[in-house]
Amino acid sequence: DVSTNNEFSSFVTGYNNLSVNGTNQSVTGLTAGTTYYYRVRAVNANGTSGNSNIISTLTIPPNPVAIAATNITQTGFQANWNASTGATSYQLDVSLNNSFSSFVTGYNNLTVDGTNQSVTGLTAGTTYYYRVRAVNANGTSGNSNVVSALTVPPNPVALDVTNVTNTSFQANWNASTSATSYRLD
């Protein structure tokens, strides 16, 4: 018998008094991040034993869903994701590429309690990618979707003015990595 409650008041479809030959049975079609209970009885030509002790197990959590980064600055951002049922912690990866062939130092399999993590020590004007996995006592989920975060551009460097006239001058500055426009005061 397999149930989602230890009183066995209901059963997982197909696992109520299931006849099994041998001393193990694969139980499939379950929900990720859910606690299940099972018990067995022995049978021979003369009858059926009483129930065994009850064993519980928690299935591995479902893959979490990563969501947009917040609190983006020149040197960091907050990575965010939705809670995954049955997860007790999460593992965070941050990379400069969406294939995660390399990782930002300190952000490979970083254990996180909760559904967000501050990512610091980054380079201004750079795109970073993150993904997470949900963890519980029985294992680790697959990877979440991948989210990108572009840090705020570095401060531009103002240069000497040129083309000075009686009524105007040209303000100049160096390009700032990933800047799409500038604000002049």
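The values are calculated or read from the model by the stated rules, or taken from the named source; none is laboratory data. Since we're looking at a predicted model, the values are computed, not measured. So basically every Cβ, Gly included, is an ideal-geometry build from the backbone, and we count neighbours across all protein chains shown. The protein model used for the area step is the full one, side chains on, heavy atoms only, and it has no ligands, DNA or RNA in it. Shrake-Rupley method; radii C 1.70, N 1.55, O 1.52, S 1.80 Å.
Taking the Cβ of GLY50 as the center, what net charge do the other residues with Cβ under 12 Å away carry, scoring Lys and Arg +1 and Asp and Glu -1?
Net of charged neighbours comes to +2.
Of PHE169, PHE8, which has the most accessible area with a 1.4 Å probe, and how do the rest follow in descending order?
PHE169, PHE8
How many percent of the accessible area of the chain is carbon or sulfur, using a 1.4 Å probe?
Carbon and sulfur: 48 percent of the exposed surface of the chain.
Mind ordering 45-54, 98-107 by average Cβ neighbours within 10 Å, highest first?
98-107, 45-54
Quick check: Cα centre of the stretch 46-61 to Cα centre of the stretch 152-175, how many Å?
Each part's Cα centre sits 76 Å from the other's.
Among GLY114, THR88, VAL65, which residue has its Cα positioned farthest towards the positive end of the charge dipole of the stretch 39-185, with +1 placed on the Cβ of Lys and Arg, -1 on the Cβ of Asp and Glu, and the dipole taken about the Cα centre?
Of the options given, the answer is THR88.
HN-Hα J couplings of the stretch 124-135 from phi, Karplus 6.51/-1.76/1.60, θ = phi - 60°, integer Hz, Gly and Pro as x?
4, x, 10, 8, 10, 10, 9, 8, 9, 10, 8, 10
Please state, to two decimals, what the Cα-based radius of gyration of the stretch 59-185 comes to when divided by 2.2 N^0.38 Å (N = residues).
Against the empirical 2.2 N^0.38 Å value, I get 1.45 for the stretch 59-185.
Taking the Cα centre of the chain as origin, work out the dipole magnitude from +1 charges on Lys and Arg Cβ and -1 charges on Asp and Glu Cβ, in debye rounded to 20.
340 debye
Would you mind putting 83-91, 10-18 in packing order, based on average other-beta-carbon counts within 10 Å, highest first?
On the way: 83-91: 18.3, 10-18: 12.7.
Answer by packing, highest mean first, reads 83-91, 10-18.
If you roll a 1.4 Å probe over the heavy atoms of the protein chains, what accessible area per residue do you get for the chain, in Å²?
Per-residue value: 61 Å².
With all pairs of different alpha carbon atoms counted, what Kirkwood hydrodynamic radius in Å does the stretch 20-78 show?
For the stretch 20-78, the Kirkwood estimate is 16.1 Å.
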